[in-house]
Amino acid sequence: MSSEELFPEPKAADTPLRDLVELTPPRQVALGALGRAKAAAAQRGYRPGDPARRRPLVPVAVGTAGPGARDPQLIGSTVSGLLDQLGGPSDQVAGVLKHRWSELVGPQVAEHCEYVSFEGGALTLRAHSTSWATQLKFLAPAMLGRFAADLGEGIVLEITVLNPGGPRFKTGPKRVAGRGERDTFR
């Protein structure tokens with residue numbers, strides 16, 4: 001064997017690749033890929049004409065400029081979005097309210113009322129006495145403004161003030177008729 005047979009003379013650089021190497025026709029390549037895709041779908045249990053099994057997680061807008069839903073997101077917005085789907089923002093706000101209660105309402109008010117619950121934008125408080133329950137009802141608009149400033153606008157929408165809970169004098173098999181419940185709690 002000669003060296004020319006082992007190492008053929010290189011052809012011109014402008015020669016198309018299909019002239020240098022024998023390629024499989026494009027139609028045959030496409031048919032082979034389609035056959036492999038059909039076989040994989042049949043193996044997974046998909047049949048032609050079946051509806052799609054799931055929708056895309058995020059609607060994709062093609063041809064728009066700017067950031068999209070499929071772009072990388074900050075962890076804060078991702079977690080808050082997940083909490084929105086799971087119904088968690090009220091739980092998250094409830095935790096903040098419990099943890100920062102005296103800071104949010106002030107030490108004097110926190111001394112005379114306690115956090116009960118927060119659901120769907122409605123905050124429920126329990127006053128330590130009926131006079132403080134009345135005072136808290138008057139303070140509710142100012143408290144809503146404070147919560148909007150500290151927690152965000154539209155988080156706490158309503159404040160419900162409960163009277164103090166205490167022993168019920170009119171229950172039980174043995175009771176004495178008399179004045180009944182009085183504001184003698186705490």
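What are the residues in segment 115-139 that are touching a residue at least 12 places away in the same chain (Cβ under 8 Å) and exposed (fewer than 13 other Cβ atoms within 10 Å of the Cβ), if any?
GLU119, GLY120, SER131
With the structure loaded, tell me whether ALA177 is at pLDDT 85 or above and of a type in the set (A, V, I, L, M) or whether it fails that test. It would help to see each step written out before you state the result.
Numbers: at pLDDT 85 or above: no; of a type in the set (A, V, I, L, M): yes.
Answer is no for this residue.
Which residue is farthest from the chain's Cα centre (by Cα), if the candidates are limited to segment 106-152 and must be among the acidic types (Asp, Glu) and within 15 Å of VAL96 (Cα to Cα)? Let's see the steps before the verdict.
Step one: filter segment 106-152 for residues among the acidic types (Asp, Glu), giving 111, 114, 119, 150.
Filter again for within 15 Å of VAL96 (Cα to Cα), leaving 114, 119, 150.
Working: GLU114: 28, GLU119: 16, ASP150: 20 Å.
Top of the filtered list is GLU114.
Only one of ALA94, ALA52, ALA39 is at pLDDT below 70 and open to solvent by less than 100 Å² (accessible area, probe 1.4 Å); which? Before you say what the answer is, go through the steps one by one.
On the way: ALA94 fails: at pLDDT below 70; ALA39 fails: at pLDDT below 70.
Answer to the selection: ALA52.
The values are calculated or read from the model by the stated rules, or taken from the named source; none is laboratory data. Bear in mind the structure is a predicted one, so any value in this text is a computation, not a measurement. FYI the Cβ positions are ideal-geometry reconstructions off the backbone, even for glycines, and counts take in every protein chain you see. SASA here: full protein model, heavy atoms, side chains in, ligands and nucleic acids out. Shrake-Rupley method; radii C 1.70, N 1.55, O 1.52, S 1.80 Å.
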